[in-house]
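The structure appears below as C-alpha cells.
The values are calculated or read from the model by the stated rules, or taken from the named source; none is laboratory data. Predicted model, so just to flag it, every value in this text is computed and none were measured. Cβ atoms come from the backbone with ideal geometry, glycine included; neighbour counts cover every protein chain shown. Note: areas computed on protein heavy atoms with side chains; ligands, DNA, RNA excluded. Shrake-Rupley method; radii C 1.70, N 1.55, O 1.52, S 1.80 Å.
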Amino acid sequence: MTAERRARELIAKAARIVVFTGAGVSAESGIPTFRDALTGLWANYDPEQLATEQGFRANPSLVWDWYAERRRRIADVQPNAAHHAIARLERAKPGLLVVTQNVDGLHQRAGSTDVIELHGNILRVKCLEGCGVVQQGWQDDERSPPRCPRCGAPLRPDVVWFGEYLPESALLRAQQAAADCDLMLVVGTSALVYPAAELPFAAARAGAAVITVNPEPTPVDEIAAARVPGKAAEVLPRLTAL
Ligand code: NAD
C-alpha cells in the first residue's frame, strides 16, 4: 500500500484528530521562514537582535519595524489549499484541533475554529512589562512601539521570542490533546523546536497514529505510520478528500 493510501485510510477512520503545523504549511502562501525573511535591509541582523526581549529593549524601533514589515506581508497573502483542506476536514471530523507553531493567523482565516497558537500571534501585542494587557488593535505610527494603555510601558508583539516560555495554558491543552487523540497529522514542521516538537512523540507514545507531510525528511518520520512526501498545498487536499 502506498503511504498516501495508508494516510487516507487512517484519516477516514480517525475520530479525534490533531493537526500539528509549522512554517511549511504557510510556505505556499508566500510567507518565508524566519531565516529566509532575513533578506535585503534585514540581512545584516541576526535573530538575537530581532526576536529576543534583549534585542527589543536594546532597539525597540528596529524590532517594531521588522514586525511591522512581517505583518504587512501577512496581510497581503491568503490562506492556501493546505489551510483550506484542514478547515474542511474539521467540518467532516468535529472536534478536530489545530495546534500551530505559526504566528500568521492563516488557519483561522481559512475557517479553522479551534486553533492553539503555541508561539503566539503576530497580529496581537502585549505589555513588555507583563502588566497583563494584550490587544489586537493599536494606534500605529509603524516606526515605534505604541504604549501600554495601563502602565505606559512599550507594547511588544505577542509572539514567543527565543529563550521564552510557551504560553502555559496553550501548551498544556496541546499536550492533553496529543495524549487523547487517535491521529496526529504533522504538516510542514522541521520538528526541531522544543517543546512543540515533542507533541508527535507524545501522541505516538499514547497510541495515536502519526502521519507526516513534508517535502523533506524530519525526525518524526521514524515514528510515523505514514510519511507522505510533498508540499502541503498539494498533498493535503488529496489526503482529506473523504
Ligand atoms: P521550520 O522553518 O523549522 O521548518 C519548516 C518545515 O517546513 C521544514 O521541515 C520544511 O521542509 C517544510 N516545508 C517547506 N515547504 C513546505 C511545503 N510547501 N509544504 C510542507 N512542508 C514544507 O519551521 P517550524 O518547524 O514551524 O519551526 C520554526 C519556528 O519559526 C516556529 O517556532 C514558528 O513559530 C516560526 N515561524 C512561523 C512562521 C509563520 O507564522 N508562518 C514563519 C516562519 C517561522
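If the cut-off is a Cα-Cα distance under 16 Å, which aspartates and glutamates reach LYS93, setting aside same-chain residues fewer than 8 apart in sequence?
GLU9, ASP114, ASP180, ASP182
In square angstrom, rounded to the nearest 10, how much accessible surface does MET184 have for a 1.4 Å probe?
MET184 has an accessible surface of roughly 0 Å² with all protein chains in place.
Please give me the summed charge of the neighbours of ALA15: other residues whose Cβ is under 9 Å from its Cβ, Lys and Arg +1, Asp and Glu -1.
After counting each charged neighbour, the total is +2.
Determine, for each peptide in 199-212, 221-234, the mean count of other beta carbons within 10 angstrom over its residues, then list the peptides with the highest first.
Put in order of decreasing packing, that is 199-212, 221-234.
Within the set of other residues whose C-beta is less than 14 Å from the C-beta of LYS126, count the net charge using Lys and Arg as +1 and Asp and Glu as -1.
In short, -1.
Take segment 34-93, drop everything but the C-alpha atoms, weight them equally and run the Debye formula without solvent; then report log10 I(q)/I(0) at 0.14, 0.26, 0.30 Å⁻¹ to two decimals.
One equal scatterer on each Cα of segment 34-93 leads to -0.55, -1.05, -1.24.
Compute the acute angle (0 to 90°) between the alpha-carbon long axis of helix 3-13 and the principal axis of greatest extent of the alpha-carbon atoms of the chain; round to the nearest 10°.
90 degrees
For the chain, give the percent of accessible area contributed by carbon and sulfur heavy atoms, probe 1.4 Å, rounded to a whole number.
51 percent
Using alpha carbons only, how many degrees (0 to 90, rounded to 10) separate the axis of helix 81-92 from the longest principal axis of the chain?
Result, in degrees: 60.
Are there cysteines in the chain with no other Cys C-beta under 4.7 Å, and if so, which?
Within the chain, the cysteines lacking a partner Cβ under 4.7 Å are CYS181.
Out of all DSSP beta bridges in the chain, what portion is antiparallel? Express it as a percent rounded to 5.
30 percent
Restricting to bridges with both residues inside segment 128-242, how much of the DSSP beta-bridge set is antiparallel, in percent to the nearest 5?
Antiparallel bridges: around 10 percent, rounded to the nearest 5.
Any chance you could check the Cα centroid distance between segment 157-218 and segment 44-100 for me, in angstrom?
Using only Cα atoms to place each centre, the spacing works out to 17 Å.
Rank-order 82-91, 9-18, 36-45 by packing density, defined as the average count of other C-beta atoms within 10 Å over each peptide's residues, highest first.
82-91, 9-18, 36-45
Once you charge only the Cβ atoms, +1 for Lys and Arg and -1 for Asp and Glu, what is the size of the charge dipole of the chain about its Cα centre, to the nearest 20 debye?
On the way: 26 positive and 28 negative charges, 137 e Å.
So the dipole magnitude of the chain works out to roughly 660 debye.
Round to the nearest 10 and give me the degree value, 0 to 90, for the angle of helix 60-76's Cα axis relative to the longest principal axis of the chain.
40 degrees
So what is the accessible area of the chain per residue, in Å², with the probe set to 1.4 Å?
47 Å²
Just to be sure I understand: of the beta bridges DSSP finds with both ends in segment 38-165, what percent are antiparallel, rounded to 5? List each step's numbers first, then the result.
Details: 8 of 11 bridges.
Taking every DSSP beta bridge with both residues in segment 38-165, the antiparallel ones total about 75 percent.
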